[in-house]
Amino acid sequence: MQLITTTEDLARAVAAASQGPFVTVDTEFMRESTYYSKLCLLQFAGETSGHLVDTLAPGLDLAPFIALLDRTDIVKVFHAARQDIEIFYHLTGRTPRNLFDTQVAGMVCGLGESISYENLIRETTGHAVDKSSRFTDWSRRPLSDKQLVYALGDVTHLRDAYRALSQKIAAQSRAGWIAEEMAVLTDPATYATEPDEAWRRLKVRSGSKKFFAVLKTLAAWREREAQSKDVPRQRVLKDDALLDIASHAPRSAAELEALRSVPRGYAQSRNGAAVLEAIAAGLALPPDQVPQLERGERLPEIDSGLVDALKLLLKLKADESGVAARLIANAAEIDRLAAFAEPDVPALRGWRREVFGAAALDLKAGRLALRIEGGKLKAAAI
């Protein structure tokens, strides 16, 4: 099986795959020792062709494929696309245009919540997929024939799944539903990492203003350091050490060295000096720049019977529409629907309102009732 290793061959493969209305795409990557995912292999397929690209080949330029991602006239088909999109966003600062995620489409078509690739292929094509090579080392060369067969199968099987899903979506007039979900998935803000917001990644339940001030600047320093050196955050400074330092806010190398969570000699290193600078910056933050722990919204007293009724209605509407209930509304949204007249929740916008939200408002207003007919739960206007 031939691997593409030159820009010229990649351009020819892209031209061949671009003859049809869609291209299926997948990636294999490693992230154990880096901050950003290391793209090791790129797979894509047109209607009749399939291609494997050795993204580690010297001198290879992905520009021809990036140009394909930018085209609006060709659908780019992924499964569970978020990590793949993150890779291309890091490479280009852009997200693919005209995207179709078969995992999201599977949820819209009633194939279950977050359906796996194997189950998707089985449900839509009847084929069994061998995923035994999923966790192999994709950075090692040469790649084995088994790895290459596995990788190519990921995009060739996806063609048939896409055809089946797109036909079902067209028959159910749900293309607009998919477009709403893809707009969120391709929003660049989904993949932008702001160092000043890195403190939110840490599991913190309480703390003083001083603690949060130092936590913000220290986490921001670690994020920038990890990004600039392309190493995992934990390699720069472990979470437990970061939280311990933010809690004690040492002012000197001696005080930093005294903390049990800090490795011996760290305080005298370049990173140790940078940590002390980050602490000083945190202590000097103006009050309006000090983050505050976001508390869960305090809801008014909720009628548990109404919550149960809304959950029953959600299940009923999910079953009727053939859409995974979790894609329509989650538990927190149900609570807000029960607590407020018309809260700002996704369930009351777009296709979700059409499927469930409008009926939920009618139920609360007494315009809709749940009843049993022929042993089955039904919703009926009053």
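Values quoted throughout were computed directly from the atomic coordinates according to the rules given, and no laboratory measurement underlies them. Quick caveat: nothing in here was measured; it's all calculated off a predicted structure. Cβ sites come from the backbone with ideal geometry, for glycine too, and all protein chains shown count toward neighbours.
Given an 8 Å cut-off on Cα distances and at least 6 residues of separation, report the relative contact order of the chain as a percent.
Working: 532 pairs, mean separation 51.6, N = 382.
It comes to 14 percent, rounded to a whole number.
Please list, by residue number, every one of the GluC sites (Glu not before Pro) in the range 1-52 that is coil in DSSP and has at most 14 other beta-carbon atoms within 10 Å. Present the calculation step by step, with values, prior to reporting the outcome.
Working: sites: Glu8, Glu28, Glu32, Glu47; in loops: Glu32, Glu47.
Here the GluC sites (Glu not before Pro) that fit, given the DSSP loop and packing criteria, are Glu32, Glu47.
So, counting K/R as plus one and D/E as minus one, what does the shell of residues with Cβ under 11 Å around Thr124 add up to? All intermediate terms of the calculation are to be shown ahead of the outcome.
Numbers: positive: Arg122, Arg159, Arg163, Lys168; negative: Glu123, Asp160.
My count for the surroundings of Thr124 gives +2.
Please compute the modelled spin-label separation between Glu113 and Ala380, points set 7 Å along Cα→Cβ, answer in nm with one decimal.
Label-label distance for Ala380 and Glu113, simple model: 3.1 nm.
For the chain, what does -39500 (n - 2.57) per DSSP helix run (n ≥ 4), summed and divided by total residues, give at 222 nm, in deg cm²/dmol to the nearest 500? Before the final figure, lay out each step's value.
Working: 16 runs with 177 residues, N = 382.
Result for the chain: -14000 deg cm²/dmol, rounded to the nearest 500.
HN-Hα J couplings of the range 116-122 from phi, Karplus 6.51/-1.76/1.60, θ = phi - 60°, integer Hz, Gly and Pro as x?
Here the 3J(HN,Hα) series is 6, 4, 4, 5, 4, 5, 5 Hz.
Check which residues have an amide H placed less than 5 Å from Leu377's amide H, if you skip close sequence neighbours.
none
Let me check I've understood the local charge: for Trp221, count other residues with C-beta under 13 angstrom from its C-beta, Lys and Arg +1, Asp and Glu -1. What total comes out? It would help to have the intermediate numbers written out before the result.
On the way: positive: Lys216, Arg222, Arg224, Lys229, Arg233, Arg270; negative: Asp196, Glu223, Glu225, Glu277.
Every neighbour counted, the sum reads +2.
Rounded to whole Hz and in sequence order, give me ³J(HN,Hα) for the range 42-54 from the Karplus expression 6.51 cos²θ - 1.76 cosθ + 1.60, θ = phi - 60°, writing x for Gly and Pro.
10, 10, 8, 9, x, 5, 10, 10, x, 9, 10, 10, 7
Grab the other residues whose beta carbon is less than 11 angstrom from that of Asp70, score K and R as +1, D and E as -1, and report the net.
Values: positive: Arg71, Lys76, Arg94, Arg97; negative: Asp73.
Around Asp70, the charge tally is +3.
Can you put Ile85, Ile372 in order, fewest other beta carbons within 10 Å first?
Values: Ile85 25, Ile372 8.
By the 10 Å Cβ count, ascending: Ile372, Ile85.
Evaluate the distance, in nm, between pseudo-label points positioned 7 Å from the Cα of Glu354 and of Gln19 along their respective Cα→Cβ axes.
3.6 nm
Looking at the range 102-184, which chymotrypsin sites (Phe, Trp or Tyr not before Pro) are DSSP coil and have at most 16 other C-beta atoms within 10 Å of their C-beta? All intermediate terms of the calculation are to be shown ahead of the outcome.
Working: sites: Tyr117, Phe135, Trp138, Tyr150, Tyr162, Trp177; in loops: Phe135, Trp138.
In loop regions of the range 102-184 (DSSP not H, G, I, E or B), the sparsely surrounded chymotrypsin sites (Phe, Trp or Tyr not before Pro) are Phe135.
How many percent of DSSP beta bridges within the chain run antiparallel, rounded to 5?
Values: 17 of 24 bridges.
Among the beta bridges of the chain, antiparallel pairing accounts for roughly 70 percent.
Suppose the chain between Glu47 and Ser132 were pulled fully straight at 0.36 nm per residue; how much longer would it get relative to their current alpha carbon spacing?
28.0 nm
What are the residues whose amide H is under 5 Å from the amide H of His79, where those residues sit 5 or more places off or on another chain and H is modelled from the backbone?
Placed amide hydrogens put Thr102 under 5 Å from His79.
In percent, what relative contact order does the range 288-341 have, based on Cα pairs under 8 Å that are 6 or more apart in sequence? List each step's numbers first, then the result.
On the way: 22 pairs, mean separation 25.5, N = 54.
Worked out over the range 288-341, it gives 47 percent.
Between the alpha-carbon centers of the range 247-285 and the range 51-84, tell me the distance in whole angstrom.
If we compute the Cα centre of each part, the gap is 43 Å.
Full extension from Arg94 to Gln167: what is 0.36 nm times the residue separation minus their Cα-Cα distance, to one decimal in nm? Mind dumping the intermediate values first?
Numbers: separation 73, 0.36 × 73 = 26.28 nm, distance 2.89 nm.
Result: 23.4 nm gained on full extension.
For Ser173, Ser133, which order do you get if you count the other beta carbons within 10 Å of each Cβ and list the fewest first?
Details: Ser173 8, Ser133 18.
So the residues, fewest neighbours to most, are Ser173, Ser133.
Within 10 Å of each residue's Cβ, count the other Cβ atoms and sort Lys203, Lys216, Lys168, Lys311 from fewest upward. Spell out each step's value before the answer.
Working: Lys203 6, Lys216 24, Lys168 18, Lys311 15.
Going from least to most buried by this count: Lys203, Lys311, Lys168, Lys216.
Read phi for every residue in the range 139-148 and hand back ³J(HN,Hα) as whole Hz from Karplus 6.51 cos²θ - 1.76 cosθ + 1.60, θ = phi - 60°, with x for Gly and Pro.
8, 7, 10, x, 6, 7, 4, 4, 5, 5
Using 0.36 nm per residue of separation minus the Cα-Cα distance, give me the extension gain between Val149 and Arg224 in nm, one decimal.
Details: separation 75, 0.36 × 75 = 27.00 nm, distance 3.86 nm.
Contour length minus Cα-Cα distance gives 23.1 nm.
Which option, (i) 76, 64, 34; (ii) 67, 48, 40; (iii) 97, 49, 37, is the value of Cα extents along the principal axes in Å that was calculated from these coordinates?
(i)
Which of Leu299, Leu283, Leu91 moves the most in a Gaussian network model of the chain with Cα springs under 10 Å?
Of Leu299, Leu283, Leu91, the Gaussian network model singles out Leu299 as fluctuating most.
Collect residues whose amide H, placed 1.01 Å from N in the peptide plane, falls under 5 Å from the amide H of Ile4; neighbours closer than 5 in sequence don't count.
Leu52, Val53, Asp54
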